[in-house]
Each structure stands twice: as structure tokens, then as C-alpha cells.
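Reviewing the structure listed below.
The values are calculated or read from the model by the stated rules, or taken from the named source; none is laboratory data. Worth saying up front: this structure is predicted, and the values here are computed from it rather than measured. Cβ: placed from backbone, ideal geometry, glycine included. Neighbour counts: every protein chain shown.
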């Protein structure tokens, strides 16, 4: 019997999850009664995590002129939302920077697609004031986390999905639904909920191929969708998805974006990628 969506999400508990210190730190950041000192102290107890967070905090991406030397400085200077993203970035890197054969992605390709999508989402949110830039970054960074779990547990079935997608010329997630009864975005939403991510992020991940289904924060889901498809159009992490699904016109309308805005953004993002190599190579 083929596994159900619930089976796959349950199985995902066996995979490497977010480190305990990251779980605790994310909970502290979301706790209005916590202090900057308690958050900084908790993160600083993990030397490897501290090193990676500070490496990214000092990258060109954040553009801070003076060197950030401690976690407490990072929290004070960059803000809690940015530090939350840094924690998630260094944690997700370990999970996603691997070969994902079921989606025809070599090692590093899924990570690069996720990271570039996150850069696009953040830039869109900043420029057009569509939604919170740090939330946009986090949603786009994790939007394809379901692919890791699908690849790990049902790789043989994904070969049939690839064949159907290529033969019928339909988007990969539609072929997943035809063969499996669910898609990687739905699996990703389930994983995000297990990680106790906010429901608006769960929704953005779950509906990044169906942005019009979002109800909690439609703009966040729309920007995640637009960032994903834009990244694909740049040729970053195509894999089995290819270019078989366009940007939803209504998602652009919701964000008050024109196709020309996306074209201009692509040129800027290419420069941004070159400036932000540190974000692509976390270790």
C-alpha cells in the first residue's frame, strides 16, 4: 500500500531536525517575556552555531560596516527577526545541502534554489512593502523542505512522478498528486508545523504552488510563490520541476507587481547573489 501524506509527515520525525538549542532559541525569541540577554546566552552556549551565525551576520547580505563580534551584538544590531532567520538558515543548510535524486537535483542545488528564493523574497518585500521582509525570507528559504523527506522515503515512486511530468508536460507537483495523492508542498507544511513554525509560514510553504488558497497571510504565500518561480526562471535549481509552471497572475495582482518589476528584480538579484556568497556557503 502506498504511503499517505500523514505517513510521510510522521516518518519525517526520524530525519535530522532542528537542533534543540535552535528550537529553544526560536521559542525564546517568540516569548514576549524573554530578554535579549537570555536569548544571546542560550545561543552562545553552542560554539559551532555561534560561529556560523556570526559568519552570516558579518556577511555583505546584512551590510553592517562594523564587525559583529558576539551574539548579543547581533541581536542588538540586526534585531530578533534577523537573528531568527540566521538560526533557521544555519540549521536548514545541514538538512538541505545534499543530493536530491528524486527531484533530479545534485548536491547543493536544492540549497542554492532555497537560498536564492529567500533573497528574492526578501528583496521583493523590502522594495514593494508587500509583507515583512524577514518572514518572506524564512518562508522562501524553507518552501521546498518537503522534497528532502519525499526523496528519502519514496524515491522509487518519484521516478514514476518524473516520467508522468515529462510525458504529460505537467508541473511536477501535479504529477505528484496524480501518482501519490499529495505533493511536496503539503509535506513541507506538515514538517513546518512539527517544527512549531508560525501558521502563516506553514501556510506559505504548504501553498507555494497554490497561492490563491492562502487565508492567514495571502501576501506572504504569494511572495513565496513568486520568489520560487522567479528563481526557477533564472535557472537556479530547476531539477525535475523545470519551467512547467508560471507565476500566478492573481499572485502578482495581490502584491501589486507587474511583469516588468520581476524582470528588473532578476537583474538585481544576480548582483545580489555574487555579493552574498557567504549566505550560499554557510559552513
Filter result (modelled with pLDDT under 85 and over 29 Å from residue 117 (Cβ atoms)) within the stretch 35-89: 66
Selection status of residue 94, at pLDDT below 85 and assigned to a helix (DSSP H, G or I): yes
Residue 116 surrounded by 17 or more Cβ atoms within 10 Å (Cβ to Cβ) and more than 12 Å from the chain's Cα centre (by Cα): no
Of all residues in the stretch 104-144 being without any contact (Cβ under 8 Å) to a residue 24 or more places away in the chain and either touching a strand residue (DSSP E or B) at 6+ places or on another chain (Cβ under 6 Å) or part of a helix (DSSP H, G or I) (or both), the one that is nearest to residue 270 (Cα to Cα): 122
Some residue of the stretch 261-273 being out of contact with any strand residue (DSSP E or B) (no Cβ under 7 Å at 6 or more places or on another chain), at pLDDT 95 or above, outside any loop (DSSP other than H, G, I, E, B) and over 27 Å from residue 106 (Cα atoms): no
Residue within the stretch 192-199 that is modelled with pLDDT of 95 or more, farther than 14 Å from residue 138 by Cα and part of a helix (DSSP H, G or I) present: no
Residue check for residue 14: modelled with pLDDT of 85 or more and either buried (at least 16 other Cβ atoms within 10 Å of the Cβ) or out of contact with any helix residue (DSSP H, G or I) (no Cβ under 7 Å at 6 or more places or on another chain) (or both): no
